[in-house]
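Each remark here refers to the structure printed beneath this line.
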Amino acid sequence: VQLQAFGGGLVQPGGSLRLSCAASGIIFSINSMGWYRQGPGKQREMVALITSGGMTNYGDTVKGRFTTSRENAKNTIYLEMNNLKPEDTAVYYCKWSIRWIDYWGQGTQVTVSS
């Protein structure tokens, strides 16, 4: 299983970005899919999770601003990020848990700055 994340970049405070994470390989028995981030000098933290049943969970700092979704036919998940703040600056990683094994994408940089 390989994961490829796209969509990072530089955005001004208050702006929006959409990240994508596409999975390839043998994809079945998915437990969950999600997004994590690691800011400068910080530990990696959970941003958003979506289970195989479609339930979502968000980190406290992004609730109401970020939305995760999935497109099963394309084996892709998305992270819609709105009202971005400088503290959202981080490398964003996607992670899929498949048959209780975690697979990580390569990370994509999101920088929020004026």
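For the range 17-39, the candidate set comprises residues that are surrounded by 12 or more Cβ atoms within 10 Å (Cβ to Cβ) and part of a loop (DSSP other than H, G, I, E, B); within that set, the residue that is nearest to the chain's Cα centre (by Cα) is 39. On the stretch given as the range 87-114, residues that are touching an Asp or Glu at 6+ places or on another chain (Cβ under 8 Å) and either under 13 Å from residue 37 (Cβ atoms) or in a loop (DSSP other than H, G, I, E, B) (or both) total 3. Screening residue 84 on (1) assigned to a loop (DSSP other than H, G, I, E, B); (2) open to solvent by 70 Å² or more (accessible area, probe 1.4 Å) shows it passes everything except condition (2). Going through (1) charged (D, E, K, R); (2) under 14 Å from the mean Cα position of the chain (by Cα); (3) at pLDDT 95 or above one by one, residue 85 falls short only on (2). For a quick check of your reading of the model, give me the residue pairs whose first member lies in the range 25-36 and is hydroxyl-bearing (Ser, Thr, Tyr), whose second is assigned to a loop (DSSP other than H, G, I, E, B) and surrounded by fewer than 18 Cβ atoms within 10 Å (Cβ to Cβ), with beta-carbon atoms closer than 7 Å and at least 6 apart or on different chains. The qualifying pairs are 29/99; 32/52; 36/44.
Applying the condition of being of a type in the set (D, E, K, R) and at pLDDT below 95 to the range 61-81 and asking which residue is surrounded by the most Cβ atoms within 10 Å (Cβ to Cβ) yields 70. Residue selection: residue 47 fails the criterion of being assigned to a loop (DSSP other than H, G, I, E, B), at pLDDT 95 or above, open to solvent by less than 40 Å² (accessible area, probe 1.4 Å) and out of contact with any helix residue (DSSP H, G or I) (no Cβ under 6 Å at 6 or more places or on another chain). Would you call residue 54 without any contact (Cβ under 8 Å) to a residue 24 or more places away in the chain and under 23 Å from residue 1 (Cα atoms)? Considered against the rule, which asks whether it is without any contact (Cβ under 8 Å) to a residue 24 or more places away in the chain and under 23 Å from residue 1 (Cα atoms), residue 54 comes out as yes.
For the range 90-106, the set of residues classified as surrounded by 16 or more Cβ atoms within 10 Å (Cβ to Cβ) and in contact with a Phe, Trp or Tyr (Cβ under 7 Å, 6 or more places away or on another chain) consists of 92, 93, 94, 95, 96, 103, 105, listed by residue number.
Within the range 1-16, the residues that satisfy the criterion of being assigned to a strand (DSSP E or B) and open to solvent by 30 Å² or more (accessible area, probe 1.4 Å) are 2, 4, 6, 10.
The values are calculated or read from the model by the stated rules, or taken from the named source; none is laboratory data. None of these values were measured; they are calculated from a predicted model. When we count neighbours, we look across all protein chains shown, and the Cβ atoms used for this are built from the backbone with ideal geometry, even at glycine. Calculation scope for accessible area: heavy atoms of the full protein, side chains included, ligands and nucleic acids excluded. Shrake-Rupley method; radii C 1.70, N 1.55, O 1.52, S 1.80 Å.
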